[in-house]
Amino acid sequence: MDEYQVIESKSPVFYDKYERKAELQHQTHYCPGCGHGVVHKLIAEAIADMGVQDRTILVTPVGCSVFAYYYFDMGNVQAAHGRAPAVATAVKRSNPESIVIGYQGDGDLAAIGTAEIVHAANRGEKITIFFVNNAIYGMTGGQLAPTTLVGQFSTTSPWGRRPSNEGYPLRMAELLATLEAPVYIERVALCDNKNIMKARKAVRKALELQRDGAGFSFIEILSPCPTIWKMTPQEARKWIEEKMLAVFPLGVFRDRKLAPMADGVPQTTVTKLLGLDKPLEVVTRPMAVKDSQPDLTVKIAGFGGQGVLLLGQILAEMGMREGREVSWLPSYGPEMRSGSAHCHVCLSKERVGSPVIEHPDVLIAMNEPSLHKFSKMVEAHGTILYNNHKLPAGLPPCEAKIYCVPASEIADGLGTTKATNMVMLGALLELTHTLPRETALALLKAKVRNVKLLDVDCQAIDAGMACLRKQLGSSTDAHAHDGELAPCS
Amino acid sequence: MRQLCKGNVAIVKGALLAGCRSYYGYPITPASEIAEAAAEYMPQVGGTFLQAESEVAAINMVYGAASAGLRVMTASSGPGISLMQEGISYLAGSELPCVIVDVVRGGPGLGNIAPEQSDYFALVKGGGHGNYKNIVVAPASVQEMADLTRLAFELADRYRNPAVVLTDGFIGQMMEPLELQAVESVQPEKPWAVKGTRETRKNLIASIYLEPDELEAHVRKLEEKYKKAAEVESRHELYRAEDPEVLLVGYGITSRVLRSVVDMMRKEGVRAGLFRPITLWPFPAEALRHAARRAQMVLVVEMSTGQMVEDVRLTLDGRVDVEFYGRTGGNVPMADEVCKELTERMGMTAEWGV
Amino acid sequence: MAQARGKVTIDTEECKGCGVCVDACPPKCLELLPGLNPYGVHPARYTGMNCSGCGICFYVCPEPGAITVYRLIAPKVAQPPMEGSHAATL
Ligand SMILES: Cc1ncc(C[n+]2csc(CCOP(=O)(O)OP(=O)(O)O)c2C)c(N)n1
Ligand code: SF4
Ligand code: SF4
Ligand code: SF4
């Protein structure tokens, strides 16, 4: 007698015994004649033959195949309904050396998870998706799927699928084939052994492509669900052939190579990235000086584009360099785009309480509406710097002192309206003497790369200071500058 | 070194120092700067930034990266957080650590983009389905945006659970000095992760337990974990709260307003003090009971119609009168306004503000 | 009678009696047992005759390990080795 040798047997990629299963640990939980088991076998066989079991990770869906992790002896991640492509995306990106498989049903992939599959495909994620299309919701007991055929009955299409109500079956392979990134898309069917062999080849090819780093691959598998279809397993296979193939034609919809793409992001370290390797030149004043300077709250308001927010930031940063506690709070969102913008700056000796200023010491009103809107809020002893050479008519009375600083005009004179905020900064420095001019210059030097612009900014600061000094008259002599002003740049 | 930094950006800096190199998110005001900073920083240090197709996808990507054992984060605001709730429940159920930032904006619905504190229920009380908790920290400054984000990563890993940084549009958008230590966190081993290696081949990440007894055992295990966290992880801050007759309670941006209120009230001769929860879950109940033991009144101030106040009431359990004052729509309660409320409720009269 | 080129064994515990293999086997050498297995299905079995060892039954069967297919080790007459171990390409 000649001897026999095993040529087909259970793949070693399956667990010997399904210990994660509560009972009947020697067989699957699928119904007799279900297609899921066949797809499992094809995947397991390919993984075993490719020798990549250790590095394969299976992302399972919600659907009848939710328990695929009972069987596959590989890394398993169970995903929320429809989200396997999103989960698989990050699993792969987090483990670039792994082979990541997403396994999904038609409800999972083509209904609730439509966005995730389209976008994973469109990004060209280097994953493989096996899409088991059985034209029905199996796990939940036979409701309509996006792939349910026209006229097909389901518990939620009791009169058969009516295009007038539910539209037409969704062809996912064709849909994804309109995208640029996928490298391989094929539809196969489990209707007979010949087609199962084609499916076997497709499954293998998709996984090999992933192994070779090629890109996104997608295999749609028309698969029998005898239980819900209320057919014998044999009838179910016939039904695929006779009914489903007409709606879901088999074939390869995409098979191509992508040219390698460069990533092109310069690399650095966290320390360098966050600037932790460089000390900040803090101008630490002697404590006495610092303490003698009063706290200052400033509200800056104007039109988006007038440098309102930037002026506030510069002020806050100057304060910080001077060893103050500071906060800068902007108005944010759409209003920044279309109209008004404002920000609050607090300079304080102590930890800043609320960064929202109810009654600022100083209001910088960059335009007339801001003056109207906010002048009443200013502290009784406070000051308003208004961007114009005279006050508008009809301003409600307010206790604060108002200075007109035609900052935009002055800036125009220096060649650019953009320097308006720097003129105002100058005026503010002159007004309060809380922060020295040199700190402003040092800061600008560090921030403004364009030498010409820097020069204009410095001139603007000085012009603003001069403008206010004129108005303050002799009273300012009390806070005399430390000698001559240093040249700007 | 000290740097002037925006709250939202500080979150990403804190995350980088916590060793996080993975960010998956979807833009939404007022949280977008977090995604923008991550987009700039992550790829430069060998990390991943991906703008997902939705918050639903983003949180499930977080699930994927967390499965692989990486420190991973996402950030969003109200509407996006609502979409993430299913995913957060899966993360908790599968015991996956991650950090989720909610820069709260005005709701319900599209609401507006101005700051609110109205997502307390949604995140502190769970929000998604099932029996789980999020660890929730509430920064009140830019510095804390970085520091508490870092802490959130550590707590998330320690308890294998999602941790949330619950903040608001103001703290997210404001700039303050930020000091960072150039020391990166040491990350724990995660032998449970799925990494596509021989060692991790038997690992399974899942939240499904079909058998009632199995699920109950799992839920009990989570409960135990939460009990332990509740015992040791609550954090709070006190301000002039040694002897208060009035105890003010507020978190995040509101706590900063209340600091000013405390000072103002003290000037008027009222012994006011501030209790600020830093962790919202676990809620610092023991500390609050202690701080309020001699108070005649507790005033909770929130930018909501009253959410955390429920925890305060539960904690104090009728021992003291718990009053509430809230603003919504993006209005931040002003110190004057709170002082006025407080004096009225105390039956006093005083002139506040202009 | 000549020895059949192939043979199959079927794990009656794992088999769910769906009959797909019976239907698919070209020489019709599989059948469903008249008796029930412990789970209440008629499991498939090999009639013991005419199996060609083609492997079709293995691939159509949804259960990972229900069917094992064997083939006669080729006699001395040199035959080209099979590509991989799979012969079921039709
Ligand atoms: C968010 C959410 N909605 C609904 C469900 C219920 N549900 C579970 S599986 C399923 C459909 C499964 O159908 P399909 O993806 O076609 O897989 P099959 O069971 O047919 O293999 C649904 C609706 C769920 N688990 N989660
Ligand atoms: S319901 Fe259908 S898809 Fe689900 S296991 Fe049964 S046959 Fe398979
Ligand atoms: S191997 Fe081929 S001939 Fe033998 S039982 Fe299976 S299908 Fe029939
Ligand atoms: S196909 Fe498999 S499960 Fe079905 S009867 Fe044959 S051996 Fe049994």
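Since every read-out is calculated from the coordinates, none of them should be taken as a lab result. Remember, it's a predicted structure, so these values are computed and weren't measured experimentally. Cβ atoms come from the backbone with ideal geometry, glycine included; neighbour counts cover every protein chain shown.
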Using only the alpha-carbon atoms, how far is helix B:55-67 inclined from the longest principal axis of chain B? Give it as 0 to 90 degrees, nearest 10. 60 degrees
Please compute the modelled spin-label separation between A:K390 and B:Q296, points set 7 Å along Cα→Cβ, answer in nm with one decimal. 5.8 nm
22 Å tail of the calculated P(r), the stretch A:36-255, as % of Cα pairs: 45 percent
Restrict the search to the stretch A:84-188; then list the GluC sites (Glu not before Pro) that DSSP places in a loop and that have at most 16 other Cβ atoms within 10 Å of their Cβ. A:E97, A:E180
When chain B is treated as a Gaussian network with springs between alpha carbons less than 10 Å apart, the largest mean-square fluctuation among B:S22, B:S76, B:S260 is found at B:S260
Pairwise FRET efficiency - B:D213 versus B:W192, Cβ, R0 = 30 Å, nearest 0.05: 0.85
For A:K470, list the lysines whose Cα falls under 21 Å from its own Cα; do not include residues on the same chain fewer than 8 positions away. A:K390, A:K401
Within the stretch A:1-62, report the GluC sites (Glu not before Pro) that DSSP leaves as loop and that have at most 13 other Cβ atoms within 10 Å. A:E3, A:E19, A:E23
From the phi angles alone, apply the Karplus equation (6.51, -1.76, 1.60; θ = phi - 60°) to the stretch A:170-187 and give each ³J(HN,Hα) in whole Hz, x where the residue is Gly or Pro. 8, 9, 6, 4, 5, 4, 6, 6, 7, 8, 6, 7, x, 9, 8, 9, 9, 10
Going through the stretch B:232-278, which GluC sites (Glu not before Pro) have at most 15 other Cβ atoms within 10 Å and a DSSP loop state? B:E242, B:E245, B:E268
Scalar couplings 3J(HN,Hα) for the stretch A:339-355 by Karplus 6.51 cos²θ - 1.76 cosθ + 1.60 (θ = phi - 60°), nearest whole Hz, x for Gly and Pro, are x, 6, 9, 8, 8, 10, 10, 10, 10, 8, 6, 10, 3, 6, x, 5, x
For the stretch A:159-245, just say rounded, prolate or oblate: build the C-alpha gyration tensor, square-root its eigenvalues into a ≥ b ≥ c, call rounded for a/c under 1.5, and beyond that prolate if a/b exceeds b/c, oblate if not. oblate
Scan chain A and report its longest stretch carrying no trypsin sites (Lys or Arg not before Pro) that are both in a DSSP loop and have at most 15 other Cβ atoms within 10 Å. A:21-229
Per-residue [θ]222 nm for chain A (sum of -39500 (n - 2.57) over DSSP H runs n ≥ 4, rounded to 500): -10000 deg cm²/dmol
For A:K349, the aspartates and glutamates lying under 12 Å Cα to Cα, once residues fewer than eight places off in the same chain are dropped, come out as A:D291, A:D295, A:E322, A:E325
In sequence order, what are the phi-derived ³J(HN,Hα) couplings for the stretch A:2-10 according to the Karplus relation 6.51 cos²θ - 1.76 cosθ + 1.60 with θ = phi - 60°, rounded to whole Hz, with x for glycine and proline? 7, 9, 9, 10, 5, 10, 9, 7, 3
Name the residue, out of B:V320, B:V298, B:V101, whose mean-square fluctuation peaks in a Gaussian network model built on chain B with Cα pairs under 10 Å. B:V320
Taking only Cα atoms and a 10 Å spring cutoff, compute GNM fluctuations for chain B and point out the largest among B:V322, B:V257, B:V186. B:V186
Please give every one of the aspartates and glutamates within straight-line cross-link reach of A:K194, meaning a C-alpha to C-alpha distance under 14 Å, and leave out same-chain neighbours fewer than 8 residues apart. A:E241, C:D23
